[in-house]
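The values are calculated or read from the model by the stated rules, or taken from the named source; none is laboratory data. Here the structure is a predicted model, which means the values were calculated and not measured. When we count neighbours, we look across all protein chains shown, and the Cβ atoms used for this are built from the backbone with ideal geometry, even at glycine.
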Amino acid sequence: MDKHKIKEAARILSFAHFPIALTGAGISEESGIPAFRGEGGLWAKYNPAEYAHINAFLENPKKVWQMLKELDGILRAAKPNPAHKVLALMEAEGLLKGIVTQNVDNLHQAAGSKRVVEFHGNAFCLRCLSCGRAYKKEDMSSEQPLIDLIQDVPRCHCGGLLKPDVVFFGENIPTRALLEAQVLTAACDVMLIIGTSGEVAPANYLPYDAKQHGAKIIEINLEATILTEAVTDIFLQGKASKVLIALEEEIRGMRGKKS
């Protein structure tokens, strides 16, 4: 880890007026959630065209729900790791104004972060494709949706098909999430990018938008990405938790010197 870069990133964050974070799958890998892409990822086992496209879900929900149940088990076993906790602490201390996350695992909220824009939705919620009714999985003991005994898929009380309230391929980003992400990006003077490859649209447009209006871009990733050369001002290479802990400690030290 480059200590000089940590100091410079800490200095930038310390003097920022409206810093935000953009997070991707890499921040949750230390919580036991493998990235969807790459070796060991879910898409290595399940073809996304067959399991993650909205058309595939509508054509054969039973098949897709088999994958979703496996994913649900992984997500339920996951707990926030130190990277999630540091971001929550930074928000509480005024060092972060909000998080835009591409993850659907709810770990930022579980760690204590308050302003979280779920760009791709939340896997712990279900929504009826017929009437639009939403269900929280933790509330299902009292409001259990009907289970189609023939198809073995959850259905709403209206009889409509339920799907996780996440964005499948072929679906649009929810308008509210898109607008809030754009508002945060337009306001930010520092964007902290953590654990995202910058390859998934339209989330990958946000760093470019931030850079265009003069924001500093600090990137934390295990390896360089397409964002590194294009928009990144400071690239901090390493595991998200290790880098963020070092960054927060450096900021705390700087604040101590100021006082």
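Data for the structure
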quantity	calculated
Elements of type strands (runs of 3 or more DSSP E) in the range 80-137, at least 2 residues being closer than 25 Å to LYS242 by Cβ and either small (Gly, Ala, Ser) or not assigned by TED's automatic domain parsing to the domain that holds ILE20 (or both)	none
Whichever residue in the range 73-89 is touching a residue at least 60 places away in the same chain (Cβ under 8 Å) and in contact with a Ser or Thr (Cβ under 9 Å, 6 or more places away or on another chain) and, among such residues, is nearest to LEU42 (Cα to Cα)	ASN81
Boolean, LEU161 is touching a Pro at 6+ places or on another chain (Cβ under 7 Å), in the same structural domain as PRO48 (by TED's automatic domain parsing) and at pLDDT 90 or above	yes
Number of the condition not met by LEU58 [criteria: (1) in a helix (DSSP H, G or I); (2) aliphatic (A, V, I, L, M); (3) buried (at least 17 other Cβ atoms within 10 Å of the Cβ)]	(3)
The lone exception for ALA16 - which of (1) under 18 Å from PHE119 (Cβ atoms); (2) of a type in the set (Gly, Ala, Ser); (3) outside any helix (DSSP H, G or I) it fails	(1)
Filter result (outside any helix (DSSP H, G or I) and either of a type in the set (Ser, Thr, Tyr) or free of Cβ contacts under 8 Å to residues at least 60 places away in the same chain (or both)) within the range 234-259	SER259
Matching residues in the range 150-177 - criterion: being of a type outside the set (A, V, I, L, M, F, W, C) and assigned to a strand (DSSP E or B)	PRO154, ARG155, LYS163, PRO164, ASP165
Cβ pairs under 8 Å, 6+ apart, first in the range 39-53 and at pLDDT 80 or above and part of a helix (DSSP H, G or I), second surrounded by 15 or more Cβ atoms within 10 Å (Cβ to Cβ) and β-branched (Val, Ile, Thr)	TYR51/VAL64
